[in-house]
1. Specify which of the listed residues (Val43, Val69, Val54) is crowded, with 17+ Cβ neighbours inside 10 Å and within 25 Å of Gly145 (Cβ to Cβ).
2. Restricting the search to segment 1-27, which residues are buried (at least 20 other Cβ atoms within 10 Å of the Cβ) and of a type in the set (A, V, I, L, M)?
3. Collect the residues in segment 16-62 that are farther than 27 Å from Arg169 by Cβ and in contact (Cβ under 8 Å) with a residue 60 or more places away in the chain, keeping them in residue-number order.
4. Please count how many residues of segment 146-176 are surrounded by fewer than 15 Cβ atoms within 10 Å (Cβ to Cβ) and closer than 15 Å to Ala77 by Cβ.
5. Could you list all residues from segment 103-160 that are among the hydroxyl-bearing types (Ser, Thr, Tyr) and within 16 Å of Tyr29 (Cβ to Cβ)?
Amino acid sequence: MADATARTAQPDDVAEIARIHRDTWRTAYSDLVPAEVLEAIDVDRTAPAWAEAVAHGQVFVATEGTWTVGFCIAGMAPEEEVAHADGSLPDDASTTALVSVLVEPRWGRRGHGGRLLATAARHLREAGATRGVAWVPEADKASIGFYGKADWEPDGTVRTLDASGRPLREIRVTGGLSLLLTS
């Protein structure tokens, strides 16, 4: 494998982040999300939001050689993302981070997701976070397995999103941020 790293995203990474977002969703979620929703993911429309997140230091990219192969967005979680089903907040709500990792399927199973999650976890710990959460489509067994390898497990909270008239059920996984890379 060529040199593989994970680092904080820079402004010149935005176009690739937006492309990876579009292409990976179109590939990985084609059976879960209606085609019209996936076709509506437009790089020119999503790039400004990615640029803002990059400017706030909330995005990390994985590279292999000269290729950008995935990204992770991570920051302190809004209260509604960590609330219990009854709306109450856990004691650690103010120190819980929201994380999302996305690696292009063609670059999968090469450690990029783990590098991204560990890099984001280090930055989140430095910012005072003690725990992370991520929302994953319930049918996305690959992502659930990925988080499980990092000891992030479902916490029993589910939500259903409206994907253009088709319900998309997601589960919340949670885990610690003491993640270390191993060889």
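1. Values: Val43 fails: within 25 Å of Gly145 (Cβ to Cβ); Val54 fails: within 25 Å of Gly145 (Cβ to Cβ).
None of the other options fit; the residue is Val69.
2. Ala6, Ala9, Val14, Ile17, Ala18, Ile20
3. Initially, segment 16-62 is screened for residues farther than 27 Å from Arg169 by Cβ, giving 16, 19, 43-44, 47-48, 51-52, 54-57, 60-62.
Of everything in segment 16-62, those that are farther than 27 Å from Arg169 by Cβ and in contact (Cβ under 8 Å) with a residue 60 or more places away in the chain turn out to be Gly57, Phe60.
4. Here is the first cut: in segment 146-176, the residues surrounded by fewer than 15 Cβ atoms within 10 Å (Cβ to Cβ) are 148-149, 151, 153, 156, 158-162, 164-167, 169, 176.
Restricting the remaining residues to those that are closer than 15 Å to Ala77 by Cβ gives 159, 176.
Here the count works out to 2.
5. Let us first name the residues in segment 103-160 that are among the hydroxyl-bearing types (Ser, Thr, Tyr), namely 119, 130, 143, 147, 157, 160.
Matches in segment 103-160: Ser143, Thr160.
Table: residues versus (1) in a helix (DSSP H, G or I); (2) under 26 Å from Gly65 (Cα atoms); (3) of a type in the set (S, T, N, Q).
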site	(1), (2), (3)
Val133	no, no, no
Ser143	yes, yes, yes
Gly148	yes, no, no
Arg159	no, no, no
Glu170	no, no, no
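Read-outs throughout are calculated quantities, based only on the coordinates presented, and are distinct from any laboratory measurement. Predicted model only: the values in this text are computed from it and were never measured. So basically every Cβ, Gly included, is an ideal-geometry build from the backbone, and we count neighbours across all protein chains shown.
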